[in-house]
1. Would you say residue A:43 is at pLDDT below 90 and crowded, with 18+ Cβ neighbours inside 10 Å?
2. Looking at the range B:7-49 only, could you name the residues that are away from every other protein chain (no Cβ under 14 Å) and outside any helix (DSSP H, G or I)?
3. With the structure loaded, tell me whether residue B:145 is within 26 Å of residue B:37 (Cα to Cα) and either within 14 Å of chain A (Cβ to nearest Cβ) or hydroxyl-bearing (Ser, Thr, Tyr) (or both) or whether it fails that test.
4. Out of (1) facing chain A (nearest Cβ under 8 Å); (2) under 18 Å from the mean Cα position of the chain (by Cα), what's the single condition that is false for residue B:122?
5. What's the total number of residues in the range A:57-104 that are outside any loop (DSSP other than H, G, I, E, B) and over 25 Å from residue A:21 (Cβ atoms)?
6. State which residue is nearest to residue B:141 (Cα to Cα) when the search covers only the range B:154-168 and only residues that are part of a strand (DSSP E or B) and more than 7 Å from every other protein chain (Cβ to nearest Cβ).
7. Condition first: more than 7 Å from chain B (Cβ to nearest Cβ), modelled with pLDDT of 95 or more and assigned to a loop (DSSP other than H, G, I, E, B). Now tell me which residues in the range A:173-194 satisfy that.
8. Out of A:135, A:130, I need the residue that is within 14 Å of another protein chain (Cβ to nearest Cβ) and either surrounded by fewer than 24 Cβ atoms within 10 Å (Cβ to Cβ) or touching a helix residue (DSSP H, G or I) at 6+ places or on another chain (Cβ under 6 Å) (or both). Which one?
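The values are calculated or read from the model by the stated rules, or taken from the named source; none is laboratory data. In this text the structure is predicted, and so the values were computed from the model without any measurement. Glycine gets a Cβ as well: all are built from the backbone with ideal geometry, and neighbour counts include every protein chain shown.
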There are 2 protein chains.
Amino acid sequence: MKTQYYTAASLDGFLATPDDSVDWLMALGDDEASTFPAFIAEVGAIAMGANTYAWILRHADEAIALTGAAWPYAQPTWVFTHRDLPVVPGADVRFVRGDVRAVHNAMCAAAGPRHRWIAGGGDLAGQFLDAGLLDELIVSVAPVTLGAGKPLLPRLVTAPPLQLQGVARVGAHFAELRYAVGRGASDSSTQPPA
Amino acid sequence: MKTQYYTAASLDGFLATPDDSVDWLMALGDDEASTFPAFIAEVGAIAMGANTYAWILRHADEAIALTGAAWPYAQPTWVFTHRDLPVVPGADVRFVRGDVRAVHNAMCAAAGPRHRWIAGGGDLAGQFLDAGLLDELIVSVAPVTLGAGKPLLPRLVTAPPLQLQGVARVGAHFAELRYAVGRGASDSSTQPPA
């Protein structure tokens, strides 16, 4: 069972534009070859930041039109937020703040034999990384550059480097890069070397 | 004959740290599987920015120790700079500034049947892109994140998106992503739609 940061990003390392738009991603269209259905089927617990959650909230009407449901996940979901946010009808959501360790423990308990998904954003994934709780990064690189925006992973991770596990083309547009987080001496900018 | 931006970058889209260090790249070691020897053999002209050139200057002693020569390229090289920089002994270098179009014409004439390489940095590659002169991006994604630094391509390129041409694992560490620059309507942030 792993804690995985699975996300799409631009070639230049952004999750979204400065104003949290992922229209550039949606414009690439549905991808029948997507690895997401197989990925989410193995996920037992989800964590996300307030911006990611708020994006789902803003697009609830579209989701209902598309899928019949405003909330796409059956798994229990922890939303890190400092603001009050409404609960999406039908969502198994709990709002939390503070240290990711306690939440990770709860996620592990809830997920059982399945994986834990850090859905974003980048700083939340970074907090799990800082705490030594992140096992894998799975990035679907979109064929665009944004030049500015919300960073994929605002951390210095070079020593040890990530461990490249897999490289695959997915459909017409995406390159999926899979990495294991290196264990041992770390230079993560928010975590002093052990 | 194509004009190609071939470079290494971190997973989060940086060419170098904020202080122009690529030690994180050097630390990954020589890669026998590198595609660079085959790439450079097909290059007939090179353009680079002042920071890229200055980096080579600063590492001339190491290059001499390693290869016997301070300057690694046989091809004529155009260096875009607003400052006075010394010429590396043995280098076929000309210092230029201003519009990339005139330089591109000269590069095409010099390269003949071979490709033109934009070696970096990101903004120089962006200037060739803005002018409609860039044909391909070839990015060796290193298994690191820097969190900050010199951007791969500080431009908005989403409509049309880049066209993914190839995805390959190269050696233990690198994912090589190849893209053709889409022609047609452009939203490049420094180029108004045609």
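1. Values: at pLDDT below 90: no; crowded, with 18+ Cβ neighbours inside 10 Å: yes.
For residue A:43, the condition - at pLDDT below 90 and crowded, with 18+ Cβ neighbours inside 10 Å - is not met.
2. Residues satisfying the conditions are B:20, B:30, B:32, B:34, B:42, B:43, B:44, B:45, B:46, B:47, B:48, B:49.
3. Details: within 26 Å of residue B:37 (Cα to Cα): yes; either within 14 Å of chain A (Cβ to nearest Cβ) or hydroxyl-bearing (Ser, Thr, Tyr) (or both): yes.
In short, yes.
4. Among (1) facing chain A (nearest Cβ under 8 Å); (2) under 18 Å from the mean Cα position of the chain (by Cα), the lone unmet condition for residue B:122 is (1).
5. Looking only at that region, the number is 7.
6. Narrowing the range B:154-168 to residues part of a strand (DSSP E or B): B:157, B:163-168.
In the following step, the residues that additionally are more than 7 Å from every other protein chain (Cβ to nearest Cβ) were identified as B:165-166.
Numbers: B:165: 15, B:166: 13 Å.
Result: B:166.
7. Here is the first cut: in the range A:173-194, the ones more than 7 Å from chain B (Cβ to nearest Cβ) are A:174, A:176, A:178, A:180-188, A:190-194.
So of that shortlist, the ones also modelled with pLDDT of 95 or more come out as A:174, A:176, A:178, A:180-181.
Of everything in the range A:173-194, just one residue is more than 7 Å from chain B (Cβ to nearest Cβ), modelled with pLDDT of 95 or more and assigned to a loop (DSSP other than H, G, I, E, B), namely A:181.
8. It is A:130.
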